[in-house]
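Every read-out reported here was derived from the displayed coordinates using simple, explicitly stated rules and does not represent laboratory data. Since the structure is predicted, the reported quantities are computational estimates derived from the model, not experimental observations. Ideal geometry is used to build each Cβ from the backbone, glycine not excepted, and the neighbour counts take in all protein chains shown.
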Ligand SMILES: [Zn+2]
């Protein structure tokens, strides 16, 4: 019997890439809406919104020689 290659659809958080040093999240409105909060990136250039669990990844706007 074949092994499942993809996990079931369990809470795949939305990932948003931004090029600024900080980001504000309000959940995008709708069901996941929440008061707007400012998120500060961790040293690993990631931050997770404590409200809606969105993942924000800081991307360098330039100087990023494509690795793929
Ligand atoms: Zn949020």
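Annotations
- Net length gained if the chain between residue 12 and residue 53 were fully extended (0.36 nm per residue, minus Cα distance): 13.8 nm
- Label separation (residue 38 vs residue 60): 2.5 nm, computed from points 7 Å beyond Cα along the C-beta direction.
- Cα gyration tensor, region 15-58 - rounded (a/c under 1.5), prolate or oblate: prolate
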